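For reference, the structure is listed below as structure tokens.
Nothing in this text is a laboratory measurement; each read-out follows from the coordinates by a stated rule. Not measured: the values here are computed from a predicted model. Backbone-built Cβ (ideal geometry, glycine too); neighbour counts: all protein chains shown.
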Amino acid sequence: MANPEHLRLVFTSDWQAWRQGNPRLVPDFVEADLRGADLSGKDLSRAILSRADLQGANLTGANLTHAQIDGIDLDGACLDEADLSNVRFDLLDIRSCSIERAILTGATFRGANLIRARMRGARLAGVNFEGGMFDLADLAEADFTGASLRGVRMEGATLTGARFVGANLEGAPLSGCNLEGATLEDAYATRVQLNEANLKNARLTKGNFREANFHQANLEGANLEAADLCHASFNGANLENARIVGCDAQAVDFRGAILLNAEIAGSNLAACQLQNVDFRSPRLGKVTMVRANLTGAILYRCNLRSFRLEQAKLDGADLRECNLEAANFEEASLTGTQLRGSRLRQANLKRVSGIDADISGCDLILANLRGSVLSRADLRFSRLVGADCRDVDLRFADLRHADLTNAAVGGLRLWGSRVSRSRLPLVLLPWKIILALSAWFLASQRRREEQEAKEQQRRIRETVKMVKTLEERDARLRRTLATSSRPALDQRARPRDEKDPGD
């Protein structure tokens, strides 16, 4: 039971003097009935409030540091601007309690029920929230610096302007939360669930967001500089005007992401999913895209000088008029890729697969194409001066007006290629003659086949006219032709039990 003297003094003006005069005495309010009491500004530090009833009590600005509040009832209580440092709120139900702008440094809320709690502007540095429930809570501008939020529930919570510097958000379900302008710098947030969350203008610099879920999240203007985003998913996320600078973003899923005016530079995008992404508007600095999937991506007129694209999948991508000088495409897939008019001088295209690719009008001077498969590729007007074309498969490719002067061509396969008006090394002169003869032979064969088809059509037309003339002259032939199918029809129409007259 509570100490009667302490209960009497706490409501008097002598309370503060008594506390100062008896610093070693611990206020005893065990099971005290303090419903609706006005304890604003009171010094209740180290007080024992176990199982006390504080429903509707006013504790605004009170000092409750190190107080014991296990089993307390705070329904409807006001703790705004109170000092609750190092207080244990573990397993308490304080969802209807107001704790705005309160100081809660070092407090614990493990397993506490804070659904719809009002903690706007609270100072929660170093607080342990593990297992707590904050669904739909108002935590705007709260300071969670160094706090642990592992296993919390915060779906739909308002966290605008909140600070999570160095906080532990591992696996935290923040789906749909409003984190506009929030700071998650240096946060440890692996596998955090931020799908459909609002992170507009949020600061995520140097944070660890490995395997994080940003599906459909709004990251407009967000700063992710130097963040670890490996295996995270930004599928359908809005990254307009976002900064992805110096990030480790390996195997990130960017499919369907909006990258309008985003800044992407100095980042490792190896093995990323970038299918159909439009890179025309982002400010694209030097990044690594080794093994990245860029199928159908649009990189029209992008500056990709010295980019690393080894083993990247660029099938059907638009790379027209790009600066790809000294870029590394070794073993990349370029099937059906559009590279028309691009600068590929000294680029490494060793062992690429460029079947049906459009490489017309490209600058491939001193490029390395050794062992590449470019069958049926369009290389018209391309400049391959001094290029390494050894063991390249150019079967049925179009090399008209191409310049291969001084190119290395050992093992080059040109069967079926079109090389008229192309400049080939002298060692390929016999090939040019052979290809010219084969082209003449194939053209002659096509003309002969076309002539035979025309002749066949002419014979059919003349035969039809002849048959009509014969029918007009011989009525029996016309009648025979008209009735030639009648016996079969009569036979099918005869009843089953009717016998043939000849039987």
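When each of Ser40, Ser85, Ser267 is scored by the number of other beta-carbon atoms lying within 10 Å, the sequence from fewest to most is Ser40, Ser85, Ser267.
Region 374-397 and region 242-320 have Cα centres spaced 26 Å apart.
Which one, Ser13, Gly151, Leu44, is farthest towards the positive end of the dipole of the chain when Lys and Arg carry +1 and Asp and Glu -1 on their Cβ? Working it through, the farthest residue towards the positive pole turns out to be Gly151.
Per residue, the chain reaches -5000 deg cm²/dmol at 222 nm when only DSSP H runs of four or more residues are counted, each adding -39500 (n - 2.57).
Altogether, the Stokes-Einstein calculation at 4 °C and 1.567 mPa s, with the Kirkwood radius of the chain over Cα pairs as Rh, returns a diffusion coefficient of 44 µm²/s.
Mean separation of Cα pairs under 8 Å and 6+ residues apart, divided by the residue count of region 1-100: what relative contact order is that in percent?
For region 1-100, the relative contact order is 21 percent.
Most simply put, the chain has about 0% antiparallel DSSP beta bridges, counting only bridges with both residues inside it.
Counting neighbouring beta carbons within 10 Å and listing from fewest to most, the residues Tyr188, Tyr300 come out as Tyr300, Tyr188. Taken one residue at a time, the phi angles of region 49-64 give Karplus couplings (6.51, -1.76, 1.60, θ = phi - 60°) of 10, 4, 6, 6, 9, 10, 4, x, 6, 9, 10, 4, x, 6, 9, 10 Hz. Gly and Pro are set to x.
Scaled against the 2.2 N^0.38 Å expected of a compact globular protein of N residues, the Cα radius of gyration of region 1-87 reads 0.96. Listed from fewest to most Cβ neighbours within 10 Å, the set Ile359, Ile460 follows the order Ile460, Ile359. Backbone geometry of region 208-220 corresponds, through the Karplus equation with coefficients 6.51, -1.76 and 1.60 at θ = phi - 60°, to 3J(HN,Hα) couplings of 9, 10, 4, 6, 6, 10, 10, 4, 6, 6, 9, 10, 4 Hz, x marking Gly and Pro.
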